[in-house]
Structures are given as C-alpha cells and as structure tokens.
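Please treat every number below as a calculation from the coordinates, not as lab data. Predicted, not measured: the structure shown is a model, and the values here were computed from it.
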Amino acid sequence: MRIDAINRVSQLYQANSTKKVAKTSAAEKYDSVQISQMGKDYQVAKAAVAATPDVRTDLVNDIKSRMQNGTYDVSMEMLADKLMAGDF
C-alpha cells in the first residue's frame with residue numbers, strides 16, 4: 001500500500017488559496033443615452049399638440065351666435081357632398 005499517493009490525492013481536494021482581485025474605479029464606467037433627431041422632432045411635435053386646445057372655441061362661439069340669430073345657413077348640397085366624400 002502506497003501512503004504517499006493518498007497524500008497527493010488529498011492535496012488535490014484541499015481548497016486553493018484565494019487571490020485578491022483588483023478593483024476597478026466606478027468613475028471610469030458610466031451610461032449615456034443619445035436621442036436621435038427623429039426622436040427630438042417627435043418630442044417637439046408632441047409638445048405642440050399637447051399645447052393646442054382640443055376645441056376651437058372661437059369657431060364654436062361664432063357658429064353658436066349665428067345659430068341663435070338665425071343667420072347660420074347650411075347648404076344641403078354641400079352637406080350631402082361632404083357626407084358622401086367622408087370629409088367631415
């Protein structure tokens with residue numbers, strides 16, 4: 001029986017010594033974001049749409065006042081043409 005062979009096998013299963021790892025500086029790494037020109041244009045357009053009111057109150061008030069005065073006249077032919085064309 002060879003005892004020295006058992007010693008070699010037991011040395012293989014022993015934990016190796018740990019080595020220290022060099023730390024990297026956190027200031028060297030950073031994230032950055034770049035927005036394309038199309039994305040910037042989209043943001044500008046979205047802001048312009050958000051700033052625009054949903055209802056044009058000046059036109060609505062004008063039509064209301066003309067309806068109350070009885071001076072609002074709609075041509076039935078123009079209304080039918082717009083309905084058929086789908087431009088409403």
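Gain in length, Gln43 to Lys23, computed as 0.36 nm per residue apart minus the alpha-carbon separation, to one decimal in nm?
3.1 nm
So if each residue of separation counts as 0.36 nm, and I subtract the Cα-Cα distance between Ala50 and Arg8, what length gain in nm does that give?
Gain on stretching Ala50 to Arg8: 7.4 nm.
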